[in-house]
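Below: the structure, in structure tokens.
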Amino acid sequence: MIPFEKLLLSIFIFTTTNILLVNCHAVMSVDLGTEFMKIGVVKPGVPMEIALNKESRRKTPVIVAIKGKDREFGEAAISRANKIPAQSYMYLRELVGKTLDNPVIEQYLKRFPYYKLKTNKQTRELVFEHDSETNYTIEELLAMILRKAREYATDFAEQTVDAAVITVPPYFSQAERRAVKRACDLADIKLLQLMNDNTAVALNYGIFRRKDFSAVGSTYLFYDMGSQSTTCTITTYNIVKTKEHGFVEEVPQVTIRSVAFDRDLGGLEFQIRLRDYFVKKFHEKHPKIDLYKNSKALAKLFRESERTKHVLSANNEYTAQVEGLIDEIDFKQRITREEFENLCTDLFERVKNPVNEVLRTSGIALKDIQQVLLFGGSTRIPRIQSELTKALGGIELGKSLNTDEAAALGAAYQAATISKGYRVKKFLVKDANQYPLNVRFERQDENTDQKLVDRTLIDRNHYYPSRKMMTFHKYVEDFAFEIHYGNLTDLSALDKRALGQTELSRVHVTGIRETYDKYRNMSEPKGVRAHFQLDESSLLVLDRMEFIFGGKDNGSEKSNHQAKEEQSTFAKITSKISSFFSSKSPDDSTKESAESSDTDEHSTKPSNTHDANLNTTTNSSSSPNTTIKSGPIRQPLQFRIETLDYVDPSTDARASSLKKLAVLDAHDRELAALSSAKNNLETFIYDIRDKLEHDVRYKKASTSDEQKKINAKLSEIDAWLDDEGINADVKALKSKLDELKILTKALKTRVDEVDLRPKKLQELRDTLNMTENFVQVTRNLFATKDKEEEKPFTDTEIKHVEKLVKDTYTWIDQAVHEFAKLTPTDTPKHLTTDMDDKITTLKRETNFLLAKAQRFIPKPKTTTTTKAPTTEETTTKASTEGAHKEL
């Protein structure tokens, strides 16, 4: 049974946050930023909250510092980064899924020249050269960060958390998304979804304002400038009708209309400009010293530049200073906000570009935007807001969003929606794909030469998750086709280069000839069909390949016409349903259907989820011996996917990564155990010493000899800690703690007994009183019952409890008498634990009798069946009854 208070709390949670607890499984979200990560948690009793790290902060720097096997994360890693910058890895998110010649990697190495990145010759992965013996892949380092996030979430939720929604930028490519997914796998996190961070922000904004939306639709512009990049998003909120389990309901929906981005315009670039400015000023005074060749000095200036950027966002000037920057030379430089803005003039000019681009691609006029909302820490820079106001024609900028936590909370809501442990108020999300995906293949035709055909599989801004089908006609031999990015003319030259390899994969289809020879005499071959899906993480997945054979026409002309008519009606109905869920407008859906119905044998047949189901609703069979009267035969084909953009690590490479991470995790656990053991010993020494000096209770309860003995032992172990204890293991530290506990056990017992004794005595008396009353009530209730079967328990059981009560009263009298004779330094014979035992015994016996009474069912009275009385017996009985009445 759920306690009433907990039920009320669940109702309150549902009405205030739209999340109702069903099962007790906590889930999390990780807003994986370039500089910081925020961890959202949904757990029983706390529907959506940001998990605190070990420093009790709500956001954690995305950095890991490694020295030998020792690792530090977050703020501790930043402190260590000033000492070992080359082994302190940060700004990792943008590096995943890329090769060494990618412009993002080139810029990263230019910004941080002390890092050594190279390509592993065996695995072809990008790795950091940590030392002469150890390399770390970017995915391994990111997995360390994610595992630490899981640790924080688990500590906060007070239960294991292993499922998460991870946010990524909307411009992440297929290779980058796969890399983050692999990092989650290395971190032992069940990935629920890779959610675009701009979509998570839009969802968070909408879930608390669902009552403000209508069927007409409200359009908003979100401007997000973070540490690495800038994203501008236009979204529409409206109420739509959905049908589920036969019921139609109206639910809110957020639709991503268009997205524009600048993946290199963010707070990091402003910080780098300040750092390089400070380096220049230092070189002017010390021309013989090159700070770019000193990693520690460069790291110190980088941190001071971050502080300068923040201060200048609120003040007009600041004096940056670093003590002992290099060779005991102090650095000090005054800078004004105007000087800072002059350093970044070109960056400020780029602020308006994503706004102009998103308005152009969406076709939405500025006057139709209901509100502009800012997100991201870099939007706090005054000049950024000024430039945005100009670009938006003076529209007031909305600052109601929590720029640090909105994405994490939106992703946490999505995690609760996907998870089976919570019932969440529906809020539909229609996100848009950013890069068109094409399929390229060679036309196979006996009458013509081979021709290279390129067809669009998924357009830009196509909504997902969705399914697509493509049919390859007249293929009777094994073949291959390639998947690549389509038209990228909307991207800048830098963004195109940042995508890396535009050829994504090559699919090799086999077994076509064998399948063709097996079924061609039964049915007409209709072609090879590929079933794709763009999943919830915007990852393209090839579900299956199959050879389609059409059915024989064995019916009359009338039945054939009737079947066509029924199919046409069904197609119209399903077309209407699919257009409701489609990302395209009704006009576009009609146009696409027309094109699909009039294709040659090589044409693409684009279809959304419902179109795919429409084409596969007819009966099918994989057995050649089955007689098919109508409907196609579908035979699965084998296929192999060859990755072209960024090679996924092999099984051996993955096993090596897992082993490497396991060794580091085991070392962390050893360090944690060692730290805990040492901390426990130091705390015990301080606590006992403080009590002997200041606590009156301990002074009264101990003799002078006992105090001297304990103080001597405390001093001895304290000295040992400062000497041998520095390198002691967990076993030695626990052994010393045990010595102190044994030595002080009697003293602590005396003090604790004095404190607890009155309370425990009263609790025992109350329990005795309740037990005695129970026995008395029971005796009175069944006093009229003579037979044992008419009572729930026997007289022996009642007498046993009565004797137990009597003995306990006797024990209390004796104990109280002995307590009166005790001095503060005497250890009592009767302890409060003895009282606990007696309380437990009384409650156990009472509960036993109560349980028997609850299960007791009185036996029904037995009646004897007799034969019908004779006339003589009836006369005799009547005479007897009459005599009784007379008496």
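The values are calculated or read from the model by the stated rules, or taken from the named source; none is laboratory data. Computed from a predicted structure; not experimentally measured. In this analysis, Cβ positions are derived from the backbone assuming ideal geometry, glycine residues included, and neighbour counts consider all displayed protein chains.
For the reader, a short list of remarks on this structure follows.
- Test result for residue 114, over 29 Å from the mean Cα position of the chain (by Cα), surrounded by fewer than 20 Cβ atoms within 10 Å (Cβ to Cβ) and among the aromatic types (Phe, Trp, Tyr): yes
- Test: residue in segment 351-364 that is buried (at least 21 other Cβ atoms within 10 Å of the Cβ), under 20 Å from residue 199 (Cα atoms) and in contact with a Leu (Cβ under 7 Å, 6 or more places away or on another chain): yes
- Test: residue in segment 635-650 that is surrounded by fewer than 17 Cβ atoms within 10 Å (Cβ to Cβ) and more than 30 Å from residue 479 (Cα to Cα): no
Residues are listed down the side, and each one gets a yes or a no for (1) assigned to a strand (DSSP E or B); (2) farther than 27 Å from residue 438 by Cβ; (3) not aromatic (Phe, Trp, Tyr):
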| position | (1), (2), (3) |
| --- | --- |
| 105 | no, no, yes |
| 146 | no, yes, yes |
| 151 | no, yes, yes |
| 172 | no, no, no |
| 177 | no, no, yes |
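- Qualifying positions in segment 26-56 - part of a loop (DSSP other than H, G, I, E, B) and among the acidic types (Asp, Glu): 35, 55
- Screening segment 822-845 for residues that are part of a loop (DSSP other than H, G, I, E, B) and of a type in the set (Val, Ile, Thr) and picking the one that is nearest to residue 800 (Cα to Cα) gives 827.
- The lone criterion from (1) free of Cβ contacts under 8 Å to residues at least 24 places away in the same chain; (2) in contact with a helix residue (DSSP H, G or I) (Cβ under 7 Å, 6 or more places away or on another chain); (3) surrounded by fewer than 19 Cβ atoms within 10 Å (Cβ to Cβ) left unmet by residue 105 is number (3).
- Qualifying residue in segment 63-72 (condition: under 12 Å from the mean Cα position of the chain (by Cα) and at pLDDT 90 or above): no
- Here 731, 708, 699, 678 are screened, and the one residue that is farther than 30 Å from residue 137 by Cβ and crowded, with 16+ Cβ neighbours inside 10 Å is 678.
- Candidates in segment 344-374 are the residues that are among the β-branched types (Val, Ile, Thr) and touching a helix residue (DSSP H, G or I) at 6+ places or on another chain (Cβ under 9 Å); of these, the one that is farthest from residue 234 (Cα to Cα) is 351.
- The set of residues in segment 210-266 that are without any contact (Cβ under 8 Å) to a residue 40 or more places away in the chain and closer than 20 Å to residue 410 by Cβ comprises 211, 212, 213, 217, 235, 236, 237, 238, 239.
- In the set 290, 327, 368, only one residue is over 21 Å from residue 229 (Cβ atoms), without any contact (Cβ under 8 Å) to a residue 24 or more places away in the chain and either in contact with a strand residue (DSSP E or B) (Cβ under 9 Å, 6 or more places away or on another chain) or not assigned by TED's automatic domain parsing to the domain that holds residue 491 (or both); that residue is 290.
- Of the strands (runs of 3 or more DSSP E) that lie entirely inside segment 186-297, those containing 1 or more residues that are under 30 Å from residue 356 (Cβ atoms) and aromatic (Phe, Trp, Tyr) span 218-225, 230-244, 247-262.
- For segment 375-398, taking the residues that are among the charged types (D, E, K, R) and crowded, with 18+ Cβ neighbours inside 10 Å, the one that is farthest from residue 269 (Cα to Cα) is identified as 387.
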